[in-house]
1. Sort out which residues of the range A:262-302 are in contact (Cβ under 8 Å) with a residue 40 or more places away in the chain, aromatic (Phe, Trp, Tyr) and open to solvent by 20 Å² or more (accessible area, probe 1.4 Å), and write them in order of number.
2. Go through the range B:175-195 and report how many residues are open to solvent by less than 30 Å² (accessible area, probe 1.4 Å) and assigned to a strand (DSSP E or B).
3. Scan the range B:108-149 residue by residue and report those that are within 25 Å of B:THR409 (Cα to Cα), in contact with an Asp or Glu (Cβ under 9 Å, 6 or more places away or on another chain) and either more than 14 Å from chain A (Cβ to nearest Cβ) or open to solvent by 40 Å² or more (accessible area, probe 1.4 Å) (or both).
4. Answer yes or no as to whether A:GLN467 is under 24 Å from A:LEU355 (Cα atoms), of a type outside the set (Lys, Arg) and assigned by the TED database to the domain that holds A:LEU509.
5. Out of A:ARG69, A:ARG94, which single residue is under 25 Å from A:LEU206 (Cβ atoms) and either in contact (Cβ under 8 Å) with a residue 24 or more places away in the chain or in the same structural domain as A:LEU161 (by the TED database) (or both)?
6. Within the range A:72-91, can you find the residues that are free of Cβ contacts under 8 Å to residues at least 12 places away in the same chain and in contact with a strand residue (DSSP E or B) (Cβ under 7 Å, 6 or more places away or on another chain)?
7. When you go through (1) out of contact with any helix residue (DSSP H, G or I) (no Cβ under 6 Å at 6 or more places or on another chain); (2) under 15 Å from A:PRO265 (Cβ atoms); (3) part of a loop (DSSP other than H, G, I, E, B) one by one for A:VAL572, which number turns out not to apply?
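The values are calculated or read from the model by the stated rules, or taken from the named source; none is laboratory data. Note that the coordinates shown come from a computational prediction; the quantities given were computed from them, not determined experimentally. Backbone-built Cβ (ideal geometry, glycine too); neighbour counts: all protein chains shown. Heavy atoms of the whole protein, side chains included, go into the accessibility calculation; ligands, DNA and RNA do not. Shrake-Rupley method; radii C 1.70, N 1.55, O 1.52, S 1.80 Å.
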Amino acid sequence: MTKWDYDGPILEIDNLSISFFTRLREIPAVMDFSCTVQPGEAMGLVGESGCGKSTVALGVMRDLGKNGRIVGGSIKFKGRDLTTMTEEELREIRGSQIAMIYQEPMASLNPAMKIGQQLMEVPMIHEGVSKAEAYKRALEVVTDVRLPDPERMLKSYPHQLSGGQQQRIVIAMALMTKPALLILDEPTTALDVTVEAAVVDLVKDLGKKYGTSMLFISHNLGLVLETCNRLCVMYSGEAVETGSIKDVFDKMRHPYTQALFRSIPLPGADKNSRPLVAIPGNFPLPHERPPGCNFGPRCDYFEAGRCDAQEITMAPVEGQDRHDTRCLKFTEIDWNAPPEVAAKQEKTAVGEVVLRMEDLRKYYEVSANALFGGGDTKVVKANETLSFEAREGETLAIVGESGCGKSTFAKVLMGLETATAGTIMLYDNEIQSTPIESRNTETVSGVQMVFQNPFDTLNPSMTVGRQIIRALEIFGEGKTDADRRERMLELLDLVKLPRAFADRMPRQLSGGQKQRVGIARAFAGGAKIVVADEPVSALDVSVQAAVTDLLMEIQRKNKTTLLFISHDLSIVRYLSDRVMVMYLGHVVELGTTDQVFAPPYHPYTEALLSAVPIADTRVKKKHIVLEGEIPSAMNPPPGCPFQTRCRWKSKVPGNLCETEVPPVRRLGNGHQVKCHLSDADFASMEPVIEVAAE
Amino acid sequence: MDMLTWTGALSALNPVLMIAAGLLLIAVVLQILTSFFAADPGITANPDGTVAAQGGIYGLAERAVRWLFIALVVICLAYLVAGIVMPMGKAGIVGAISKRLLPVWIALIVLFVLSFNFRRKLGLYGKLFDSTIGMIGFGMVMFWVFTALFSNQIITSGVLDQIAQLKNKAPGSPLPDGTGWYLLGGDHLGRDVFSRMIKGSLIVIEIAPLATLFAFMVGITLGLPAGYYGGRLDAVLSFLANLILAFPVILLFYLLVTPEIVTTGLPQFMAVVLFLFPLIFMIVLLNSRYYVQPTRRNIMIAAVVILGGWLYLSLISTPDTRISFLPKAIDLFNVPANILIVFVSVVFVNSPTVFRIVRGITLDIKTRDYVSAAQTRGERPWYIMLWEILPNARGPLIVDFCLRIGYTTILLGTLGFFGLGLSPESPDWGSTINAGRKLLTIAPHPAIVPALALLSLVLGLNLLADGLREESLKD
């Protein structure tokens, strides 16, 4: 079968319904879903986890597994219905006409085959070309995805490449046969922000170059804004709104879309004056969907007897280009009404210095052989000359990508590791060389941590109550079991969970609820300093706002110092008082939030700001793409750690950047930057993010 | 009294059984052959949420296989049920055995009906009843457990009673005094093969799970720290485990039972060490959790030390051996030296493998955030290992436990077969097979019966493990 010519839309999905069949019941995953992708168009599919966006993609590939089935509707690819094709025909189309890119690059590549072989296989199978021709093409696409030294790449195994390089290879593989449709399922979620920005940039360019249509699945509205022409917002198995990016972002006509935009930290949001508005309630489970509008129970505009009385269909919005919404009341709602402003909070007063780090260093020695020692020992410098102080009631954000040493820093602070050099002062105690076993209970309970992954943070085989009580026992809170139980219930109140949850197992809780339990546990001993390691990054957008607000509220109440580790600059800008940017173990910039988010920047901060996708059409960003990968901490570059990717390097005379670690430059008011650039260069920097006037 | 035939008055059913079996075979072959050519079975989803497949010759063969299989099972059940209903001996050997096993059938039916009705409330055990394979395996295992429990009611004659006339007599031979039959014939000493097989199950069911449990205790107490601490401790322990695994097992057993070695007390000393592990395990388990509440901790640990210690001392102290210090008055029980050897060897052989599994799972689980959370709130290592890591490793461990009971059963058989471990007149299956193999050409039944029993128990355990694994993976 060859590629046939067809003038109409590449992909037409019409009233598609997909269900999964389990032992107990049928679970509808996608209901009445329609969308059209025109040639060369990029369609974004946005929604929270469990809304069925990946199921749509798998449905298009007809790869639903044993218990998934298309129960209604049609999927037309270039005019031919995929739902009725035989396995044979599908095999022809998959990989050659429709290609898919998955989230986890390592899992998409065969670890036992060389990159070259895996790439060459594609045209050899689909088009029966010769080996030499296939090699030539492989070389061509690897060059196209901007990988250095393509020939060496083809000879290497997947594990020898970094995550970003692997994802580029996966993209190359998808492009080998010049498919008409490319499905990308969260292609950059597993990557770092600056690497993500480069990959997104690449996908956009390749889409243009090859004329490929794209179905881009993501939970990140900002990313969709940057990559797509049109988007489709999904909620609980249904498309709730679809239209061009501009219409949906600026003139949304569905309450869910509106709520979604109000719950993400856009520029201008502020924890004190303009707090985020969390969507109340929880995402309904597929078998517990409400009658009528699925979003009804969480909607501000809900009207009983109307919204829950009938099945709601998509209705076109007049006067706009293919803009549809699944809302009965969209003509009645005043879409320009500003959100109800929650009570404004006073900015918390910042108190005494509670934590001071001076010149902290943490080196690891990695030896080759565990049993007999010996071999080469390598020194990994995880933290280099870390100095800062944090005050009572303050939120200090620590920003950086993987390998920047932020986790090591947390470990040293918690006492899981001891520092190699330098001092950590907690109030008046030096704790840098006291491991956690020798710390007193007060110190241990005073410094606690909230973890990143909600699915990992609770022990799956212990009840929620038991886990909090255990923390209370360890911290010596309460005299009797009854005391501790009472205290535990109070903690559940504090994090706004019903008391009945005490006897639940973690698997019965949603991600956001688990994270709340994690927060309750951290505050069990009245923690003074809480290290929050990306506490919301694994949560869905609508839940993020609620958990963030909870953290802020507890902080205000307890005057806790919050060390907020994150790579997401939008949320950092929203909630932090001061920001510390780290790169390869060095603090490259430190200052108040306003100082860090405005020029002059450290070149890395500048790139990071540019890389973070912002879901706002009014925002104009300067386009800075970092070349290359983050160097390994095992083998850091000489001189300035950032010199390998810095775009300002040419401004510094001589080879200063390559030979000398830059000194810490104080720019006034506590703003410090580690860079060789001259004052004139700093003055010439332009802001990366500009919000156009409304 | 007459010699019993296999099916007695029910022999009219035999041709039906044969035909059904033959047809089933043909249908299966047909199904396999057509599966190569048949088109996509065209599966459609019905609006009520079920799935229906229809399709040609393949579907036909599939249905034929299903119905013939059901017919076969029904006929087999008919033999058993008729045997229970009809008077003893009328329904042949099969019927008579079925009648003797009546308490087992009743117990099995009660267990299955109860478990099946409450399966949604019974956790992983309840989930087992969603998997056919698991149910079959569980049924086979429980069959032997109940047989062991009711063995005194089931047997027809004493385990050691010999009747000279019935030496090597075929199954169904009547007793000379006319009071009954040797249902599965007599062995080379004129003992009842059926009764010995039934009694043998008691020994297997008593020893195998217990010995495996000890192996698990040892494996877990060593595997957890190896995985958790890693580094040199891990390297040394793993090396030792590999060393033991590399040592030929049979040679080890021979060494252990050599009289010279037994008199040095080596097996006993090994027992002293190995049986200490469960005690240490319990103490550490309780201490790590309750050290924050000292009074409660002290009471619990005192109870464990006194009770467990007493059991432990009774177990290792045996009069007239090198380790004999408890006065007779407070020595609770004496384990025969040969059973002690069986225990020691089973633990010795199995614990390195368990060690490896536990170590591997620990390596995985210790990277989880809840382990870090425990570390950052200052929990001690043993609490983390025993209360945070171990409960979450239970899935694979339960599955492996089932499989390992199977291995241990075979190991017991092997030990018995070589005349190691248990006494020669013991009715355990291994020894019986060994005794029976000498006359295999003249009278195969004394060896075949216990061999089939062993096979069905091990098969049952394997199926059970499969079922558990399958169900524990599902949601």
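1. A:PHE283, A:TYR301
2. 3
3. B:LEU124, B:ILE133, B:GLY137, B:ALA148
4. Criteria not met by A:GLN467.
5. Numbers: A:ARG69 fails: under 25 Å from A:LEU206 (Cβ atoms).
Selected residue: A:ARG94, the only one of A:ARG69, A:ARG94 that is under 25 Å from A:LEU206 (Cβ atoms) and either in contact (Cβ under 8 Å) with a residue 24 or more places away in the chain or in the same structural domain as A:LEU161 (by the TED database) (or both).
6. A:ASP81 - this is the single residue of the range A:72-91 that is free of Cβ contacts under 8 Å to residues at least 12 places away in the same chain and in contact with a strand residue (DSSP E or B) (Cβ under 7 Å, 6 or more places away or on another chain).
7. The failed condition is (3).
Residue-wise test of (1) part of a helix (DSSP H, G or I); (2) within 26 Å of A:VAL572 (Cα to Cα); (3) β-branched (Val, Ile, Thr).
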| residue | (1), (2), (3) |
| --- | --- |
| A:GLN432 | no, no, no |
| A:GLN452 | no, yes, no |
| A:LEU472 | yes, no, no |
| A:GLY476 | no, no, no |
| A:ARG485 | yes, no, no |
| A:LYS496 | no, yes, no |
| A:ALA500 | yes, no, no |
| A:GLY512 | yes, yes, no |
| A:GLN515 | yes, yes, no |
